[in-house]
Amino acid sequence: MRIAQVAPLMESVPPRLYGGTERIVSYLTEELVRLGHDVTLFASGDSITAADLVGCAPMALRLEPKVRDPIPYYMLMLDRVRQRAGEFDIIHFHIDQFQFPIFRPLAGRTVTTLHGRQDLPDLKPLYLGFDDMPLVSISNAQRGPVANANFVKTVSHGIPEDLHPLVVHPRGGYVAFLGRIAAEKRPDRAIAVARALGIPIKIAAKIDRVDEAYFREKIAPLLNQPGVEFIGEINERQKSDFLGEARALLFPIDWPEPFGLVMIEAMACGTPVLAFRAGSVPEVIDEGVTGLIVDTLDEAVAAMPRVLSLDRAAVRRRFEERFSAKRMALDYVSVYEALLRRMPDNGYGETGVLARGSNAPIRQLRVAASNSNGGNGSRSRVD
């Protein structure tokens, strides 16, 4: 199958440091190549991939100090994808909704994975207006605020099985917090839990510009307490040691988390997770196997001893069963195939792509209009 992956430009693929979406695009792209597919990756020019790379910016935009507005770079990238659209069976977008107006005539050969929160009120009219664009959610919880959008499947994230080794006997003696310093990630909760139990905590996190005030006013004063260590951003190699040597990962979020990649990264190391109930957490954690879910700070403090006693080998086994990159890639291939099976035969090959030399029009995947339902017809659901 000829597949285009269209990645965000803010980070390289894979990212040098923090960047969950770009990391997932990398894992998916490399696994699709290993499965024998012909993959083209549209991403920043400093990306590294076994696929054919189309560099759409010289380097990751976040690391380029001269970049003030990323939108022009996305417009240029989308135009390059549009020019080459006929080369692909499927075009898979990971850039939110920028592409909807341009690629609506090709909707049946596109799919968009939504990587962010969907509870923002402005999104509902957008999905209503573009209700023929096939969407993939990364958790069922993510769909909640926009349940009537054109979701075709939920595909959980996955990571390579050999990325993070199992650590059965961690020697670090600390609990870990890994992610962004942001109010919705609640690093203050993580510090409070660790301090209440007298367990050292290490915090590896990036600080975006928009969160600098929050860090300075709310978090920095907490870092002077005994047993609290702030490391800053770490790379993939450092992450294996950081998570693997931790006794547990704290995931004390206070927002509708779409997935939470760090939870499965910890599980790959055998490190159990103590998480607060929000968003995707109940879908990712198998309670009593890979971690525990709590609702309050007091519950978290009470649950920690049990979390620390969980079998790390069992945590790793459950990760392998549910969250490998190969499983993720195969799930996406099933989405691609299901969408292409719905394409008409007029001038198309077996994949549903316009055959070379054919004058047949590109097929639009439209929602059937109906007098009785005001235009909301059957969508392209494949799950």
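The values are calculated or read from the model by the stated rules, or taken from the named source; none is laboratory data. The shown structure was predicted, so the numbers you read here are calculated from the model rather than taken from an experiment. Neighbour counts run over all protein chains shown; Cβ positions are idealised from the backbone, glycine included.
Matching residues to (1) buried (at least 22 other Cβ atoms within 10 Å of the Cβ); (2) more than 17 Å from Val136 (Cβ to Cβ):
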| position | (1), (2) |
| --- | --- |
| Leu32 | yes, no |
| Asp38 | no, yes |
| Ala43 | yes, yes |
| Met59 | no, yes |
| Met75 | no, yes |
| Leu78 | no, yes |
| Phe98 | no, no |
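Tell me the residue from Arg209, Arg247, Arg216 that is surrounded by fewer than 23 Cβ atoms within 10 Å (Cβ to Cβ), touching a helix residue (DSSP H, G or I) at 6+ places or on another chain (Cβ under 6 Å) and not aromatic (Phe, Trp, Tyr), please.
Working: Arg209 fails: touching a helix residue (DSSP H, G or I) at 6+ places or on another chain (Cβ under 6 Å); Arg216 fails: touching a helix residue (DSSP H, G or I) at 6+ places or on another chain (Cβ under 6 Å).
Just a single option satisfies the conditions, and that option is Arg247.
Okay, residues lined up against (1) in the same structural domain as Val307 (by TED's automatic domain parsing); (2) assigned to a helix (DSSP H, G or I):
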{"site": "Pro170", "(1), (2)": "no, no"}
{"site": "Arg195", "(1), (2)": "yes, yes"}
{"site": "Ala205", "(1), (2)": "yes, no"}
{"site": "Phe215", "(1), (2)": "yes, yes"}
{"site": "Leu223", "(1), (2)": "yes, yes"}
{"site": "Glu229", "(1), (2)": "yes, no"}
{"site": "Glu233", "(1), (2)": "yes, no"}
{"site": "Asp241", "(1), (2)": "yes, yes"}
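Residue under question is Asp52, and the condition is that it be surrounded by fewer than 17 Cβ atoms within 10 Å (Cβ to Cβ), charged (D, E, K, R) and under 20 Å from the mean Cα position of the chain (by Cα); does it hold? Before you say what the answer is, go through the steps one by one.
Values: surrounded by fewer than 17 Cβ atoms within 10 Å (Cβ to Cβ): yes; charged (D, E, K, R): yes; under 20 Å from the mean Cα position of the chain (by Cα): no.
The answer is no for Asp52.
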Check your understanding: Do you know which residues across segment 39-55 are out of contact with any Ser or Thr (no Cβ under 7 Å at 6 or more places or on another chain) and either farther than 11 Å from Gln5 by Cα or of a type in the set (Lys, Arg) (or both)?
Key -> Gly45, Ile48, Ala50
Review point. Going through segment 4-30 one residue at a time, which ones are among the hydrophobic types (A, V, I, L, M, F, W, C) and either surrounded by fewer than 23 Cβ atoms within 10 Å (Cβ to Cβ) or out of contact with any Phe, Trp or Tyr (no Cβ under 7 Å at 6 or more places or on another chain) (or both)?
Key: Met10, Val13, Leu17, Ile24, Val25
Check your understanding: Only one of these conditions is not met by Ala4: (1) part of a loop (DSSP other than H, G, I, E, B); (2) of a type in the set (Gly, Ala, Ser); (3) at negative phi. Which number is it?
Key -> (1)
Point to revise | Ala190 being farther than 21 Å from Ala268 by Cβ and either small (Gly, Ala, Ser) or not assigned by TED's automatic domain parsing to the domain that holds Val81 (or both) | key: no
Check your understanding: For Ser44, are the conditions met, namely being polar (S, T, N, Q) and under 23 Å from Ala85 (Cβ atoms)?
Key -> yes
Practice item. Go through (1) within 24 Å of Ala149 (Cα to Cα); (2) touching a residue at least 60 places away in the same chain (Cβ under 8 Å) and name the single condition Met1 misses. Key: (1)
Check your understanding: So which residues in segment 107-150 are of a type in the set (Gly, Ala, Ser), part of a loop (DSSP other than H, G, I, E, B) and either under 13 Å from the mean Cα position of the chain (by Cα) or within 16 Å of Val6 (Cβ to Cβ) (or both)?
Key -> Gly116, Ser139
Check your understanding: If you scan segment 12-26, which residues turn out to be in contact with a Pro (Cβ under 9 Å, 6 or more places away or on another chain) and either at positive phi or part of a loop (DSSP other than H, G, I, E, B) (or both)?
Key -> Gly19
Study note, to complete from the structure: Considering residues that are under 20 Å from Ala313 (Cβ atoms), of a type outside the set (A, V, I, L, M, F, W, C) and surrounded by 15 or more Cβ atoms within 10 Å (Cβ to Cβ), the number found within segment 161-183 is 4
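For segment 180-195, indicate whether the set of residues that are farther than 22 Å from Val281 by Cα and not hydrophobic (A, V, I, L, M, F, W, C) is non-empty.
Of the residues in segment 180-195, the ones farther than 22 Å from Val281 by Cα are 195.
Then drop every residue that is not not hydrophobic (A, V, I, L, M, F, W, C), which leaves 195.
Yes, the conditions are met somewhere in segment 180-195.
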Exercise for review: With the checklist (1) of a type outside the set (A, V, I, L, M, F, W, C); (2) part of a helix (DSSP H, G or I); (3) modelled with pLDDT of 95 or more in hand, flag the one item Pro258 doesn't pass.
Suggested key: (2)
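Could you pull out the residue among Asp79, Asp96 that is among the acidic types (Asp, Glu) and in a loop (DSSP other than H, G, I, E, B)?
Working: Asp79 fails: in a loop (DSSP other than H, G, I, E, B).
Only one candidate qualifies: Asp96.
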